[in-house]
Structures are given as structure tokens and as C-alpha cells.
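Below you'll find the structure, written out as C-alpha cells, and then a few comments.
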Amino acid sequence: MTRSSAPNSGKSIFRNWRYAVAWLLAAAGLIWVLHDIQLSKLLGQLASINWRWVALAMGCDVLSYIVQGARWQLLLRPVGKINLLQSTQAIYAGLFTSEVLPLRAGEFARSYLVARWIGANFVAIIPSIIVERLFDGVWVAIGIGLAAIFTPLPEDLLEAGDAFGIIMVLFVALFIYLVLRRPRRSERSANRGLLRWKPLRAIATLLTRLGEGLRETSRTKELYLAFVLTLLFLVLQMLASWLIMLGCGLRLSFWIGVAVFIIVSLGTLIPNAPANVGSYQFFTVVGLTLFGVDETWATGFSLFVFTLLTLPLLIIGFVALSWSGMSLAAIRQELRHRSISLL
């Protein structure tokens, strides 16, 4: 084995282990969900679906990603101008990538596509996605509080909500600190002297560039509109999930639907198998059974909502990626070439 191939072999083994763990978690989630299912009751549930509610839900879901495209378009202004069609196309291409590759690889795929289209550095796109996630987290924390006001929530969910709220406060404080802080020249010189080891120096450079990107993003007036659009994006996603509940005969209040959506969102935060398969079903069943839904009905809903909301992502995402002129293999190779091995 040559010296150059040894590091690549190590990266490959590490990547394969991550993939194996992701698939094992997915299998465990599906086994837990399906282990005691009553097939006859499940088939009866599927036969009584109200497709009008389902069609409306799928429309809300598709519209939510157009809203996300508008939000991302605003957050990308400091880096370069991109139209709504391109930002939405990149998001759907990224969603398709995450549906077929593990560890949420689509976030990097969509960033690469936009960087290529506007002629920007890949790293310059990442601050916009960080701000997206921060805005999502803030509104989800607010949603937990509102749901607790309008419907009684299980004690475990309230405790998890409190912990998530504290984490979000810390992240918001860190964001404000990074935005307001300007490193002095003396500090930069000291850092260059201390970080003689190349990997540490590369990490420090990356963090510096991300901090600069966050500061540039925060100075735009579009930031506030993007924050408002985040609320619309999440409401549409919550509506999609709740409307499918109605279509499946689960007559639960909108706020219970919000609570279940939040449980699934928090449960699938950690990147895992493609499309969050396994973990999505697991946390959907956990969320519904906390509110008294029969386990078989909850299982049927978890499978049904997953299929309905995943199918449009696969179709539209495949078209979006095809029209981009790139393939999954090409994007993956390019990101590896840039020493980004998360794909």
C-alpha cells in the first residue's frame, strides 16, 4: 500500500462504518415499528383514506419547499444573486440526494450546485444554511411553547422541549457573538503563530470564514424577511402532516399535530439512513401513541405519511437534479476532491 492510498483507505473505512451504523439504526426502528402490527386493521385503515385531505397535504408540502427556496434566495444575497427557480431547484436536488444517500448528503449537494451556478466558493454558501437551521430551531422552540399552551403535552415532551429551548438560546447567543465580534489583528497574528499544525490551521481558517459569512448575512435587511418566511415554511410542513392525519381518520387537534411534527423533527435531527427511514417511522409512532393513538393505526400512518411525502420529493428532486446538468456521482466526486467527505 502506498502512502497516498493509506489515508484514502482510512477515510473509506470510516465512511463505511458511518453508513453501516445509519442502516442498523434504520433497521432497528423499522423492526420496532412493525414487530406487533395487526395487518387486517392496517389494511382497513388504508381503505378508509380521504384522498381530498391527502391531496391538500401534498400540495402544502410541495409549496413549503418553494417557500424554503424563497428564504434561501434571500439568505444568499451577500454571496450572489440567484432566482427563485434556481434556489428551489437546488433544494429539491438536495432533497433527492438525501432521499437516496445516507447522512443527509443533500445539504452539501444543494450547496455545491448553487456555488457552481453563481461562481462562489463552496464554503461561502454554508453560512446561509447555518442561518436556516438556526431560524428553524427558534420557531420550533416557539412552537413547543404554543403547543403546550393550547393542548396538554406529556411530561417527557415538555422536559425535552425545555432542554431544546435552552440549547436554542445558547445557539442564538453564539450566533449574536459571532456576528458582533470582530477579531483584532493581534489575535489573528497570535492564532497564526499557535496553529502551526496544518489540520488545526485549516479548521481555524474554516471557522473564520464561516464567522465572516455569518456577519455578512446578518447585515442584510433580507434576514428579517427570511425569518418570517421560516414560520410560513414550518406551518406548511405542519399542515401537510396534520392534513394526512385527518385523511387517515386520526381526528386530532392541529396542536397535537404540531406536537407530533416536532417530535419527529427533533428525533430525526441526527443524520442517519436515506430519507430518515426507520427513525421517521419510529418517532412518528412514539409521538402518536403519546396522545393515545392505537399502535397499529400509528404504524399505518407512519408508513403512509412517509410514502406520500417522500414520493413527490423523489420525482421533483430527480427532475431538478437532472436539469442541473450534474449527477450524484459527479457531485460526490467533486465534494471529495474538495476534501469534504460527508457524502
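The values are calculated or read from the model by the stated rules, or taken from the named source; none is laboratory data. Predicted, not measured: the structure shown is a model, and the values here were computed from it. Please note: Cβ atoms are built from the backbone with ideal geometry, for glycine as well, and neighbour counts cover all protein chains shown.
See the values below:
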item	result
Residues being touching a helix residue (DSSP H, G or I) at 6+ places or on another chain (Cβ under 6 Å) and surrounded by fewer than 23 Cβ atoms within 10 Å (Cβ to Cβ) - total across region 283-294	3
Search result, residues across region 85-139 that are farther than 19 Å from residue 224 by Cα, of a type in the set (Lys, Arg) and either in a helix (DSSP H, G or I) or in contact with a Cys (Cβ under 8 Å, 6 or more places away or on another chain) (or both)	110, 116
Residue that is farthest from residue 157 (Cα to Cα), among those in region 254-284 that are modelled with pLDDT under 95 and of a type in the set (Ser, Thr, Tyr)	279
Matching entry among 61, 156 (being in contact with a Leu (Cβ under 7 Å, 6 or more places away or on another chain) and within 20 Å of residue 267 (Cα to Cα))	61
Qualifying residue in region 21-29 (condition: touching a Phe, Trp or Tyr at 6+ places or on another chain (Cβ under 6 Å), farther than 24 Å from residue 322 by Cα and in contact (Cβ under 8 Å) with a residue 60 or more places away in the chain)	yes
Verdict on residue 264 being free of Cβ contacts under 8 Å to residues at least 24 places away in the same chain, buried (at least 22 other Cβ atoms within 10 Å of the Cβ), within 21 Å of residue 160 (Cα to Cα) and under 18 Å from the mean Cα position of the chain (by Cα)	yes
Single match in 160, 70 (criterion: touching a Ser or Thr at 6+ places or on another chain (Cβ under 8 Å), assigned to a helix (DSSP H, G or I), surrounded by fewer than 20 Cβ atoms within 10 Å (Cβ to Cβ) and not charged (D, E, K, R))	70
Any hit, region 223-237, residues being assigned to a helix (DSSP H, G or I), free of Cβ contacts under 8 Å to residues at least 24 places away in the same chain, within 17 Å of residue 153 (Cβ to Cβ) and in contact with a helix residue (DSSP H, G or I) (Cβ under 9 Å, 6 or more places away or on another chain)	no
Any chance residue 62 is out of contact with any Cys (no Cβ under 8 Å at 6 or more places or on another chain) and either assigned to a loop (DSSP other than H, G, I, E, B) or more than 23 Å from residue 136 (Cβ to Cβ) (or both)	no
